[in-house]
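Derivation of every value follows stated rules applied to the coordinates shown; laboratory data play no part. Owing to the predicted nature of the structure, the values given are computational and were not obtained by experimental measurement. Ideal geometry is used to build each Cβ from the backbone, glycine not excepted, and the neighbour counts take in all protein chains shown.
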Amino acid sequence: MTINGVRALILAGLGAVAVSSHASAQDLPLRYLPPLETSGGAFNPGVIVAFNPQPDPPGIPTLDLSDRYRPLLTQPGGPGTYLFVMSFTGLPGLLLPAVQSPNADGVTDFTFDYGGHAFDVGIAFFGPGAISNWVSFNPQPDPPGIWFADAITFAGVGDPRVSFTITEDGSRLAFSTPELSTWALMGLGFAALGVLAYRRGARSSDFISRA
């Protein structure tokens, strides 16, 4: 895994009627999934997502990566309103367009250009029931990266799900989580740095005591 692999994307949502509208900043509890890496493109932005019910019970969504091109998040059934935040990292200076309210099938998408490459992001919400509300808002504190946040209200009761895809120049990007071996190597690296710092400190103390 490279440094680029730890870049993130975050999702959040609350609902509003036919057209997406902007709401004031909201200080709301958001728990994000571990950062997702992407591969298969020139920039491969990182992705961090949050998909939290309101009011927010303990726990985070279940992440299904059986289709590595379309991550699927599932939340246990509860209240009808959920916050969805999506954030892109590794794309400094990016400007995102307004994300429109999902259609009758719960699907929305948006496109943007970055560094001469065309990106298309597709998001699909699944039940319970149709989406009755969609409202954009500003989460506080702001998540890292370039993000958008929406609140989605479902008309029915059940386990809501959301999936998403990203293409770059028409090619689908694959998603993955950082491998345990990568984290283990990083841990060994930090441990080695700690040992070196300790030895240097010990040598400095010994030198001062002799002086």
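Taking amide H atoms as placed 1.01 Å from N in the peptide plane, the amide H of residue 133 lies under 5 Å from those of 16, 153, each 5 or more residues away in sequence or on another chain. When you count the other C-beta atoms within 10 angstrom of each residue and take the mean per peptide, 75-82, 86-93 line up highest first as 86-93, 75-82. Compute the FRET efficiency between residue 98 and residue 63 as 1/(1 + (r/R0)^6), taking r as their Cβ-Cβ distance and R0 = 30 Å, and round to the nearest 0.05. Taking R0 as 30 Å, the efficiency between residue 98 and residue 63 is 0.65. Shown is the FRET efficiency for residue 140 and residue 110, computed with R0 = 25 Å from the Cβ-Cβ distance and rounded to the nearest 0.05: 0.60.
The phi torsions of region 32-43, fed into the Karplus equation with coefficients 6.51, -1.76 and 1.60 and a -60° offset, translate into couplings of 9, 6, x, x, 9, 8, 10, 8, x, x, 7, 9 Hz, rounded to whole numbers, with Gly and Pro shown as x.
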